[in-house]
Amino acid sequence: MRQPNGQNFLTDTNIAHKIVESANINKDDLVIEIGPGKAALTDILKDYTNNLIAVDIDRNLSTALQQKYKNNKNIEIINKDFLKFDLPQQNFKIVSNLPYNVGTAIIQKFLPNKNFVSGVIMLQKDVINRLISKEGTKDYGYISLFRQYYSDSEFLFDVPPGCFNPKPKVMSAVARFTNKLPQEPNLKIFPLIKHCFTMRRKTILNCLSTFLKIDKTKTTQILNDSNIDIMLRPDKLTLQQFIKLSEYLTVL
């Protein structure tokens, strides 16, 4: 049966334990679980931390969890869309089987937060691959560079469809993300990257020319000054090259 919020509930206890153990949680850590669902991870997380916040958009599931954990003062169940949830003003870790339909949006919410420490996240494998991919690979794109800017990543393990109810039609995977605490990005870098990957088969010369709305002679000079080959395609540029180029653009 299709769930109203796109949930695929984890039912494999061994995988649930593996996910929580991968998060390196201490008793004093504030842990946020996004989309606790039917508590496969929550039931384990409550024994690892004294401060667990579980945020679920589904009112019925939240009500059931509030009833289940009503005598446990270390668990707070919040019925809210995580994308509208105010992140804490203290350090926190995240553990989640993310809803597949909003996974990347959720990741883009918490990765830039300075109080985010680390997270162990499960999503469909193709999205995990895009998040952790490097330049020159087919999965490399905007979300790869966004993730790279804010965090280190580590692929952990695959999770087959049989570990869920209902079974998804795709393989899932788990990865760990650790905050790099970078400087605030300049305002042009992510619009530039997003634009370039809408034209990923074009050269960086073409991409930058259309982004800046200037002729290719001027664009060539900018790329030469940034020491970037004008014939490279966007998926061949490293994060550092995009950073260098965006910093150059801020002084134009």
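The values are calculated or read from the model by the stated rules, or taken from the named source; none is laboratory data. As the structure is a prediction and not an experimental result, all values here were calculated from the model. Methodologically, a virtual Cβ is constructed for each residue, glycine included, from the backbone with ideal geometry; neighbour enumeration extends over all protein chains shown. With ligands, DNA and RNA removed, areas are computed over all heavy atoms of the protein, side chains included. Shrake-Rupley method; radii C 1.70, N 1.55, O 1.52, S 1.80 Å.
The HN-Hα couplings worked out from phi for the stretch 96-108 by the Karplus form 6.51 cos²θ - 1.76 cosθ + 1.60 (θ = phi - 60°) are 6, 9, 6, x, 4, 6, 10, x, 5, 5, 5, 4, 5 Hz, whole numbers, x standing for Gly and Pro.
Assuming R0 = 35 Å, can you tell me the calculated FRET efficiency for the pair LYS236 and LYS169, based on Cβ-Cβ distance, to the nearest 0.05?
Values: r = 32 Å, r/R0 = 0.92.
The formula returns an efficiency of 0.60 here.
Placing unit charges on the Cβ atoms only, positive for Lys and Arg and negative for Asp and Glu, gives the stretch 1-121 a dipole magnitude near 200 debye about its Cα centre. Here the accessible area is traced with a 1.4 Å probe on the protein chains. For the chain, carbon and sulfur cover 48 percent of it.
Mind ranking THR219, THR203 by accessible surface for me, highest first, 1.4 Å probe? Numbers along the way, then the final one.
Values: THR219 0, THR203 20 Å².
Ranking THR219, THR203 by accessible area, largest first, yields THR203, THR219.
Overall, the chain carries a charge dipole of about 680 debye about its Cα centre when +1 sits on the Cβ of Lys and Arg and -1 on the Cβ of Asp and Glu, all other atoms neutral. When nucleic acids and ligands are ignored and a 1.4 Å probe is applied, ILE78 ends up with an accessible area of around 40 Å².
Probing with 1.4 Å while keeping every protein chain in the model, the per residue accessible area of the stretch 124-252 equals 52 Å².
The HN-Hα couplings worked out from phi for the stretch 148-164 by the Karplus form 6.51 cos²θ - 1.76 cosθ + 1.60 (θ = phi - 60°) are 4, 4, 9, 8, 7, 9, 8, 6, 9, 6, 7, 9, x, x, x, 8, 10 Hz, whole numbers, x standing for Gly and Pro. Calculated [222 nm] ellipticity per residue, helices only, for the chain: -9500 deg cm²/dmol; basis is -39500 (n - 2.57) per DSSP H run with n ≥ 4, divided by all residues, nearest 500. Across the chain, Cα pairs under 8 Å and at least six residues apart give a relative contact order of 16 percent.
Under a cut-off of 21 Å between alpha-carbon atoms, report the lysines in cross-link reach of LYS93, not counting same-chain residues fewer than 8 places apart. Reachable lysines: LYS18, LYS27, LYS38, LYS46, LYS73, LYS80, LYS84, LYS109, LYS114, LYS180.
For the stretch 118-225, the Cβ-based charge dipole about the Cα centre amounts to some 400 debye (Lys, Arg positive; Asp, Glu negative; other atoms uncharged).
Of the whole protein surface, MET171 contributes about 80 Å² of accessible area at a 1.4 Å probe radius.
Taking amide H atoms as placed 1.01 Å from N in the peptide plane, the amide H of MET171 lies under 5 Å from those of LYS125, each 5 or more residues away in sequence or on another chain. When the Cα gyration tensor is reduced to axis lengths a ≥ b ≥ c, the ratio a/c is 1.5 or higher for the stretch 78-196, and with a/b not above b/c it is classed as oblate. Beta bridges from DSSP with both residues in the chain: antiparallel share about 45 percent, rounded to the nearest 5. Electrostatic bookkeeping for LEU237 treats Lys and Arg as +1 and Asp and Glu as -1; over the other residues with beta carbon under 13 Å from its beta carbon, the sum is +3.
Relative to one another, the C-alpha centroids of the stretch 80-104 and the stretch 218-247 are positioned 34 Å apart. Residues VAL251, VAL31 ordered from highest to lowest accessible area at a 1.4 Å probe: VAL251, VAL31. The alpha carbon centroids of the stretch 169-216 and the stretch 33-79 are separated by 36 Å.
Assuming a ≥ b ≥ c are the square roots of the Cα gyration tensor eigenvalues, decide whether the stretch 1-127 counts as rounded (a/c under 1.5), prolate (otherwise, with a/b larger than b/c) or oblate. It comes out rounded by the Cα gyration axes. The Cys residues in the chain with no partner Cys Cβ within less than 4.7 Å of their Cβ are CYS163. Here's how it looks for LEU98: its modeled amide H is under 5 Å from those of MET122, which are all 5 or more places away or on a different chain. Pairs of Cα atoms nearer than 8 Å and 6+ residues apart set the relative contact order; for the stretch 119-172 it is 36 percent.
For ASN51, the residues whose amide H sits under 5 Å from its own are VAL31, ignoring neighbours fewer than 5 places away on the same chain, with H placed 1.01 Å from N.
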